[in-house]
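These notes concern the structure reproduced below.
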Amino acid sequence: MMIRMVENGVDETEGVGGAGHRVDEERLARTRTGGIWVSVVVAAVVLVFLLVFILQNSDGVTVHFLWMAGNLPLGVAMLFAVLAGALLVALVGTARILQLRRSAKHRARKQK
């Protein structure tokens, strides 16, 4: 709930609890550096959770793939499976992006 107040010719906005701020103050623009910083913090948190997961799932398992077989810790085997799935999704996504770019170029040439 926001209440708009005009006092002494100055517009102020008062929020719930009486914490006010001036309306005419400039908000800082979001920058790429700020976005990168947030991404790095999120990536660090995800990495910590990933490391905890791998360390807690250290029991050995036998993994069979095509004609190969090997023993890996369960957490590492699951990490490889996730990475393979992410790579597959990235390949399909890249193919779709290239398809859309080609289509956009074709439409742009048609309009000229």
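Computed values, structure above
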{"read-out": "Lone qualifier among VAL42, VAL61, VAL48 - being in the same structural domain as PHE80 (by TED's automatic domain parsing), modelled with pLDDT of 85 or more and more than 20 Å from PHE80 (Cα to Cα)", "value": "VAL42"}
{"read-out": "In the range 86-112, the residues that are more than 17 Å from the chain's Cα centre (by Cα) and under 24 Å from LEU47 (Cα atoms)", "value": "LEU88, LEU91"}
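The values are calculated or read from the model by the stated rules, or taken from the named source; none is laboratory data. This structure is a prediction, so every number in the text was calculated from the model and none was measured.
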